[in-house]
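Worksheet: the structure to be examined is printed underneath.
The values are calculated or read from the model by the stated rules, or taken from the named source; none is laboratory data. Just so you know, these numbers come straight off a predicted model, no measurement behind them. Virtual Cβ from ideal backbone geometry, glycine too; neighbours counted across all protein chains shown.
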Amino acid sequence: MLTRREAMLTGVAACAAPMVRAQTAAPFRFALTPVFLDNDAAVISSLRAALMAAMGQDIELVQRRTYQEISGALLDGSVDAAWTCGYPFLQHRADLSLIGVPVWRGEPLYQSYLIAAADDPATSLGNLRGGAHAFSDPDSNSGYLVTASDLARMGETPDRFFSRAIFTYGHRNVVRAVAGGLTRSGSVDGYVWEVLNSVEPDLTARTRVISRSEMLGFPPFVARRDRMEEAGVAACAAALQGLDQTSQGQAVLRLLYLDSVQAAGPSLFDGIALRMAVLGGG
Amino acid sequence: MTSLPRFRNLPVTVRVPLITAALMILMGVMASQSVLSTLGRVQDARLSETARLHVEGLSVALGPSVLRQDVWEVYDILDRARAGSEGQRLLLTLVADERGHVLAATDPRRVPVGADATDFERDAVAPQAVRMTGDPVLRVAAPLLYQGRTIGGIVTELDVTDLLAERRRVALWLLVGNALATTVLAFGGWLAVARILRPVGALVQAMDASGGAPRPIPETEIPHGDPGLAQLIATYNHMTTAVGERAEAERRLADRERFVSLGRLSSSLAHEVNNPLGGLLNAADTIHTYADRPDVVRQSAELMQRGLGHLRDVTRAILDQNRLNRAGQPLRPEDFDDLRLLFEPEALSHSQTLDWQVHAGATALAWQPAAPVRQVALNLLLNAGAAAGLNGRVGLTVANGGDGLSITVTNTGAAMTDADLARLLASGPLPPGGGVGLRLVHDIVAGLGGTVHHDRMGEQTVIRVDLPVHGGNHA
């Protein structure tokens, strides 16, 4: 005999069934960038499975190389939601809304690390003048904006300050470029560096963190503001924020070394906005 | 070159295995060379293929990134290619742009971005031309082609330490293996050849045995499996038997010669004894008839005394000639008197003139042993008497030379034949036919350290025997 709650859930499920079937034809497209562990297929497939289970619909995980491509896809409706960075979110703040922010080590915050080779004597950004530098992405907060704004505060630009600045389009790639000696230093997502330090200690051992930025808003999940009311987007937001509630979701979070995904307001990214202002003013 | 004659002096049982071993070593060296050469070709082909695939693969992957001068992409591709490369053979790969500036390398610390690539293109060869040179690191350079045009270049350093080690290992194994095989085969060859040549060794030993007196090889040692050798040994055995028979024949001939000489002497002596015997019987008869006539008796007694004295001399000469174990007795003038006593009847029986001259003193003669010298002189005299014939002339001259004794026997009549001269003067094998008296003279004189000389002066044959003082037995 069904309890009242179970009967209600069954009814909801029955009502939702035609909608699910209708949406099956067009899967929900979720975009990822190499902001995190871009080479971990297990993470991607687990995330997809968890979202599918939570949202009750097919998920198409779309991978793009740059934040610019992700932002473009979001804005033109090619993808329905994306895990992007605070910097591009703020760049398109008028058109984008937050559907969740990961919580790492208890807070929805992270830092940008300035790294150099393990044997490099540099102790601050100022010591790195004239060397080659690896950025992650020109639209990355931790992988570009933080260092660029610090240089702007010093009255410098990356092109002038560094002998050569390259974009690797991946935080892990920044670590590889510095560890391999391709560049003297790099700007990297602190969260990625710390996770790599756990899973690939041999790689990070060849690098050294010279300086850490202030705590800044963690790269958020976003969707187009005008589509926030859509069932898919809402379901996605609910699924993301409920990841820590399901075993599949918890498995994904464990793989990503995250605690949970929570709702957050744009003010979380004020620090990034401040740096954008510095850069814009420079 | 002294080694070659020395090698030729080695026994054939050593030489043949040595030659076999040398050939085996030569074959081993040639086979090893062939294997190493093939290995080298295989390694070169493998290396060339690796380099070519590496460069071609990179060209395809790197084209767009090099066109965009995308340092990270180039590095990323190189880094991934290095990580996935075969056994870390690719030590270093660098990619340069059209201007020869390094875009990225697998080891940016060694080859920084923007460095001059020409420094690394030095000593580099094209992928298809890469060969093992003994250098553990080989450098390969190739243009970077994209859409049919050259947009840069690739330089790769290949680590061939493992290939060199493999080649060294193979060379070592070949060396050890060939050395072992050569040793085993050479030993086997030695055994086989030694076994095959054993009959030849036995033949050589048999020929060398007993101070040059060949002995036959027993039937059991004849290799009947080898018809050639069996025939050879059979011939040898036949030869040794023939030599033995010949020696026996010579001995018998010598005995016979002696008996003939004795017979001739005996007949002469019988004659010598018989002559006085008639006179003695007559004298005895006269004494018996005229016993009362002292003068006749005395005359007859004197006659008998002379006759008996002559008989006594003849008897003593025979005793001396045939006395056993006269070795060690020195030569005396009386020996020549005995000889004359023995030979004279023989000469007289042929109405020959005897010219007998003994000039050497007793002291000089005493340096020589009596028996052999008497034997030599008697043999030469008998030979001369036979050659001189009826009414001929035979002479004996014994002279004391500067440092020895010289005995010269001359005779008229026919010259000595070549066969006789060979017997008298040479040491070679005895020519067939004829006696052995002359050879006996030769052997005795040689034994005394003397020499025999022959000369033909007009109608006269002159044979001179020179005996040195030291060759004698000074008693």
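Counting only residues that are outside any loop (DSSP other than H, G, I, E, B) and not hydroxyl-bearing (Ser, Thr, Tyr), the stretch A:116-155 holds 19 of them.
Considering only residues that are touching a Pro at 6+ places or on another chain (Cβ under 9 Å) and either touching a residue at least 24 places away in the same chain (Cβ under 8 Å) or not small (Gly, Ala, Ser) (or both), which ones fall in the stretch B:179-193? Result: B:Ala186, B:Phe187, B:Gly189, B:Trp190, B:Leu191, B:Val193. For the stretch B:113-125, a tally of residues being touching a residue at least 24 places away in the same chain (Cβ under 8 Å) and either within 14 Å of chain A (Cβ to nearest Cβ) or within 19 Å of A:Ser163 (Cβ to Cβ) (or both) returns 2. Listed by position, the strands (runs of 3 or more DSSP E) enclosed by the stretch A:157-254 that each have at least 1 residues that are within 14 Å of another protein chain (Cβ to nearest Cβ) are A:164-167, A:185-189, A:207-212.
Exactly one residue out of B:Ala21, B:Ala31, B:Ala45 is at pLDDT below 75, assigned to a helix (DSSP H, G or I), under 30 Å from B:Glu166 (Cβ atoms) and in the same structural domain as B:Leu138 (by TED's automatic domain parsing): that is B:Ala21. Taking B:Arg110 as the residue in question, decide whether it is within 10 Å of chain A (Cβ to nearest Cβ), surrounded by fewer than 16 Cβ atoms within 10 Å (Cβ to Cβ) and on the phi < 0 side of the Ramachandran plot. The answer is yes for B:Arg110.
Once the stretch B:75-106 is narrowed to residues that are touching a Lys or Arg at 6+ places or on another chain (Cβ under 9 Å) and at the interface with chain A (Cβ under 10 Å from one of its Cβ atoms), the residue that is farthest from B:Ala141 (Cα to Cα) is B:Asp76.
Can you report the number of residues in the stretch B:284-298 which are without any contact (Cβ under 8 Å) to a residue 12 or more places away in the chain, in a helix (DSSP H, G or I) and surrounded by 11 or more Cβ atoms within 10 Å (Cβ to Cβ)? Total satisfying the criteria: 5.
Only one of B:Leu380, B:Leu342 is in the same structural domain as B:Ala415 (by TED's automatic domain parsing) and at pLDDT below 80; which? Among B:Leu380, B:Leu342, only B:Leu342 is in the same structural domain as B:Ala415 (by TED's automatic domain parsing) and at pLDDT below 80. Restricting attention to the stretch B:44-74 and to residues that are among the acidic types (Asp, Glu) and within 11 Å of another protein chain (Cβ to nearest Cβ), the residue that is farthest from the chain's Cα centre (by Cα) turns out to be B:Asp70. Annotation note: Cβ proximity below 6 Å between a residue of the stretch A:108-136 that is over 19 Å from A:Glu194 (Cα atoms) and a residue that is assigned to a loop (DSSP other than H, G, I, E, B) and of a type in the set (Lys, Arg) (sequence gap 6+ or interchain) occurs for A:Gly131/A:Arg184; A:Ala132/A:Arg184. Residues that are among the basic types (Lys, Arg), in a strand (DSSP E or B) and surrounded by fewer than 19 Cβ atoms within 10 Å (Cβ to Cβ): does the stretch B:125-136 have at least one? No, because not a single residue in the stretch B:125-136 is among the basic types (Lys, Arg), in a strand (DSSP E or B) and surrounded by fewer than 19 Cβ atoms within 10 Å (Cβ to Cβ).
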